[in-house]
Amino acid sequence: LFVLDRLPPGVPIKKLIKGLYRAPFRWQKFTAAGNDKRLASATSGCGFGMVCGHAYDDIDVDPRNGGLASFKIMAAQGLIPHVHKVIETVSGGWHLYIDPLGIGKHTGLPGYPGIDFQGQRSFVFVPPTDGYRVLPVADWPDLGSQPNDAAERLRDLVSSHPEAPNAVTPDLSTPPTERDRNKAEGVLAKDERVLSDAEKGTRNNTLNAQ
């Protein structure tokens, strides 16, 4: 499993069990460490998401919205920092895992259509979720010159655009009440129905619209 073999032990992850948009209790603290049996129980159709802003942030390239052309421009401009892994997504695009920049999620970078930045408090689907696979280095896109200041320049670019409105910091100081859990389950159930009705290859756009 990618979540066991490829992600560092401290990366918080969430499990979308058997296609349901449902997360373990306090999923923000749920990590790949100490959960081998739970993660190894995944079967075809199960989904996993990695919480960004810890071990990695993610440059999300969506070809349906012009992301491939925008990524080529970013690479030519030296805006791509060191990349740890490249994941091919269900849309035919890529997730590029980079060191955390210390900023939140930004949807739609100005001047670069089809590019989203997934930072603190956001998550991305990871293999072995259906439709997501780790690309060998030989199949990676051209990353450009990757100058030493690429991360700083990318942070400046992303920070010039307002954060996504759902980029909020969860309060984990006290355990949730029964009412809190019921409310959360209702919200998640609604999101699950929305995702279930979404056409294949449109899940990212669907999630961003919520």
Confirm whether Arg38 is basic (Lys, Arg), at pLDDT 85 or above and either part of a helix (DSSP H, G or I) or touching a strand residue (DSSP E or B) at 6+ places or on another chain (Cβ under 7 Å) (or both). no
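Among the strands (runs of 3 or more DSSP E) lying completely within region 60-157, list those that include at least 3 residues that are among the aliphatic types (A, V, I, L, M) and closer than 23 Å to Phe48 by Cα. First the steps, then the outcome.
Values: elements: 83-88, 94-98, 115-118, 123-126.
It comes to 83-88.
Does Leu109 count as at pLDDT 95 or above, open to solvent by less than 70 Å² (accessible area, probe 1.4 Å) and under 25 Å from Arg64 (Cα atoms)? Outline the logic, then answer.
On the way: at pLDDT 95 or above: no; open to solvent by less than 70 Å² (accessible area, probe 1.4 Å): yes; under 25 Å from Arg64 (Cα atoms): yes.
Spelling it out, it is not the case that Leu109 is at pLDDT 95 or above, open to solvent by less than 70 Å² (accessible area, probe 1.4 Å) and under 25 Å from Arg64 (Cα atoms).
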Residue count, region 114-150, condition under 14 Å from Pro81 (Cα atoms) and within 14 Å of the chain's Cα centre (by Cα), comes to 1
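The values are calculated or read from the model by the stated rules, or taken from the named source; none is laboratory data. All figures in this text were calculated on a predicted structure; none of them were measured in a lab. Positions of Cβ are generated from backbone atoms using ideal geometry, with glycine treated the same way; all protein chains shown enter the neighbour counts. Protein only, heavy atoms only, side chains kept; ligands, DNA and RNA dropped before computing areas. Shrake-Rupley method; radii C 1.70, N 1.55, O 1.52, S 1.80 Å.
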